[in-house]
C-alpha cells in the first residue's frame, strides 16, 4: 500500500484529484461522488471453516459410499446402513412424515449454503471511499462506534452515550443531565454528522439521535 508522499503514490490536491474508473476509462470521478460510491463493494469473507466442514462431510460420505459399492462388486455383503436405507426407500411411502422432514431439512441446508455462497459476509467491516482504484480500505463497526461515541461525549451536557453502527444507520442514545434536551440533541447531531462524514465511508449511514434524562433514583 502506498501513502501520499512516497514514490509512486498519488499526490492529492486541495480541490480533490479525479480518479479513473476501474476499467481504465477516461471518465473523471471525484472521490466520494455517487459514481465512486457505486464501485465500492463489501468485503467478501473467506469462510474457511464452513468450506472445510462441507468438504470433509462430502469427502467422508462419498468415500464411504464408494467403499461399500466396491465391496459389493467384490462379492462382499453391503453395509447394514445401506441395506436398511434401500429397504426403507423401497417400502416407505414418499408422503410419510419422516421423508418429508428429511426433504425439508435438505432443502433448508441447500438454501443456507446458497446464501453463504452468494453473500459477501464480513458484516462487521464497512467499506470506505476509494481515492485510488487499486487500494481498498474498510472500517470496523466497533471502531466507528467508538470514534463517534468519543465525539459525542465532548458535547456539553452529555453524561453517557451509546452508539450502534449498522450498514445503513447509526443509532445514538445519549443521556443528558443538564441543558435542554433539544439543544443537546442539535449539538450531538451536528457533531456526529461531521464525524460520520470524516469516517470516509463509501455509503455514509443515516444518523438518528435520541436524548433523554437520566433515570431517577429511588
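Throughout, read-outs are computed from the coordinates displayed, never taken from laboratory work. The model shown is predicted, which means the values in this text are computed figures rather than measured ones. Positions of Cβ are backbone-derived with ideal geometry, glycine not excepted, and every protein chain shown enters the neighbour counts.
Where in the range 148-176 does the label zone of residue 213 land, with the point 7 angstrom along Cα→C-beta and an amide N cut-off under 14 Å?
175-176
Would you mind putting 147-157, 88-98, 59-69 in packing order, based on average other-beta-carbon counts within 10 Å, highest first?
Going from most to least packed, we get 147-157, 59-69, 88-98.
Using a 7 Å offset from Cα along Cα-Cβ at residue 159, what residues in the range 195-216 end up with backbone N under 20 Å from the label point?
Backbone N within reach: 209-216.
Any chance you could tell me what percent of the C-alpha pair distances in the range 76-186 go past 25 Å?
Of all Cα-Cα pairs in the range 76-186, 60 percent lie more than 25 Å apart.
Please quote Rg/Rh for the range 48-118 to two decimal places, taking the Kirkwood radius as Rh and restricting both calculations to Cα atoms.
Rounded to two decimals, Rg/Rh equals 1.07.
From the gyration tensor of the Cα coordinates in the range 138-212, what semi-axes in whole Å does the equivalent ellipsoid have, largest first, with each one equal to sqrt(5λ)?
Ellipsoid semi-axes (Å, largest first): 21, 11, 10.
Residue 190 versus residue 64, label points 7 Å from Cα toward the beta carbon: distance in nm?
So the two model labels end up 6.8 nm from each other.
Go through 121-127, 177-183 and give me the packing order, highest mean Cβ count within 10 Å leading.
Order by mean packing, descending: 121-127, 177-183.
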